[in-house]
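The values are calculated or read from the model by the stated rules, or taken from the named source; none is laboratory data. Computed from a predicted model, the values in this text were never measured in an experiment. Note: ideal-geometry Cβ built from the backbone for every residue, glycine included; neighbour counts use all protein chains shown.
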Amino acid sequence: MSFTLEAETQIYLMSVLLGVGIGMVYDLFRAVRIMIRHKKAAVFVEDIVFCALAGFAVFTFATGLTGKLRVFTIVGMAAGFVLEHFSIGRAAIFLFRKLVELLRKVFVKPLVGVIHKIGQKTKTGFVKSHIILNKNKKISQKPLKVDF
């Protein structure tokens, strides 16, 4: 199947746009990692999911438009991904990190402080209850005296 130069240029530009879209999906995964700290196993699973999604998008796009995998579509997608990653992606992740830090500072830290104060207030009550329960346990373990 042969394409004109104009058709190949349009397909190339669409592949660049797809690369930008794939980069944005990757940024979503990065944003989730910023919000919720992950262990290495979870990051591995996320990377596998991303690779599967990206691979499906690349295969579907390349074979759907041209009938086979062409190098210029892969190059276009890679170029779009790199452009997005080093321009919009960096700016978006930078702003998202700042937003998450601000939200943690405004909401999470005060909430942790309130929970800590509640814990300090209730701690003495729990300690007293524990001491009383231990005394009652010792008393209850003594054998009963039987009078005849």
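Considering each of 71, 100, 106 in turn, give the residue that is of a type in the set (Val, Ile, Thr), out of contact with any helix residue (DSSP H, G or I) (no Cβ under 8 Å at 6 or more places or on another chain) and more than 27 Å from residue 15 (Cβ to Cβ).
Being of a type in the set (Val, Ile, Thr), out of contact with any helix residue (DSSP H, G or I) (no Cβ under 8 Å at 6 or more places or on another chain) and more than 27 Å from residue 15 (Cβ to Cβ) holds for just one of 71, 100, 106, which is 106.
One residue is enough: does the range 18-37 have a residue meeting the conditions closer than 29 Å to residue 98 by Cβ and touching a Lys or Arg at 6+ places or on another chain (Cβ under 8 Å)?
Yes, there is a match, as at least one residue in the range 18-37 is closer than 29 Å to residue 98 by Cβ and touching a Lys or Arg at 6+ places or on another chain (Cβ under 8 Å).
Of (1) among the small types (Gly, Ala, Ser); (2) over 20 Å from the mean Cα position of the chain (by Cα); (3) under 23 Å from residue 92 (Cα atoms), residue 21 satisfies all except one. Which?
Going through the list (1) among the small types (Gly, Ala, Ser); (2) over 20 Å from the mean Cα position of the chain (by Cα); (3) under 23 Å from residue 92 (Cα atoms), residue 21 breaks only (2).
If the requirement is being hydrophobic (A, V, I, L, M, F, W, C), at pLDDT 90 or above and assigned to a helix (DSSP H, G or I), which of these qualifies: 50, 61?
Working: 61 fails: at pLDDT 90 or above.
Exactly one residue qualifies, and that residue is 50.
Conditions: (1) touching an Asp or Glu at 6+ places or on another chain (Cβ under 9 Å); (2) exposed (fewer than 11 other Cβ atoms within 10 Å of the Cβ). Residue 68 meets all but one. Number of the miss?
Against the list (1) touching an Asp or Glu at 6+ places or on another chain (Cβ under 9 Å); (2) exposed (fewer than 11 other Cβ atoms within 10 Å of the Cβ), residue 68 comes up short only on (1).
Can you list residue pairs whose Cβ atoms sit under 6 Å apart, with the first residue in the range 79-92 being farther than 9 Å from residue 23 by Cβ and the second being surrounded by fewer than 19 Cβ atoms within 10 Å (Cβ to Cβ) and not β-branched (Val, Ile, Thr)? Count only pairs 6 or more apart in sequence or on different chains.
92/27
Would it be correct to say that residue 83 is closer than 30 Å to residue 14 by Cβ and loosely packed, with under 11 Cβ neighbours inside 10 Å?
No, not satisfied.
Any residue in the range 1-22 that is hydrophobic (A, V, I, L, M, F, W, C) sitting within a Cβ distance under 8 Å of a residue that is surrounded by fewer than 13 Cβ atoms within 10 Å (Cβ to Cβ)? List the pairs, counting only those 6 or more apart or interchain.
1/67; 1/68
Would you check if there is a residue in the range 93-110 being β-branched (Val, Ile, Thr), modelled with pLDDT of 85 or more and within 27 Å of residue 50 (Cβ to Cβ)? If you could, list the steps in order and put the result at the bottom.
Kept after step one, since they are β-branched (Val, Ile, Thr), are these residues of the range 93-110: 93, 100, 106, 108.
From what's left, modelled with pLDDT of 85 or more: 93, 100, 106.
Right, trim to within 27 Å of residue 50 (Cβ to Cβ) and you get 93, 100.
Within the range 93-110, one or more residues are β-branched (Val, Ile, Thr), modelled with pLDDT of 85 or more and within 27 Å of residue 50 (Cβ to Cβ).
What single numbered condition from (1) of a type in the set (Lys, Arg); (2) part of a helix (DSSP H, G or I); (3) surrounded by fewer than 11 Cβ atoms within 10 Å (Cβ to Cβ) fails to hold for residue 33?
(3)
Name the pairs: first residue in the range 38-49 and closer than 17 Å to residue 25 by Cα and surrounded by 11 or more Cβ atoms within 10 Å (Cβ to Cβ), second residue among the charged types (D, E, K, R) and modelled with pLDDT under 95, Cβ to Cβ under 8 Å, at least 6 apart or on different chains?
43/33; 46/33
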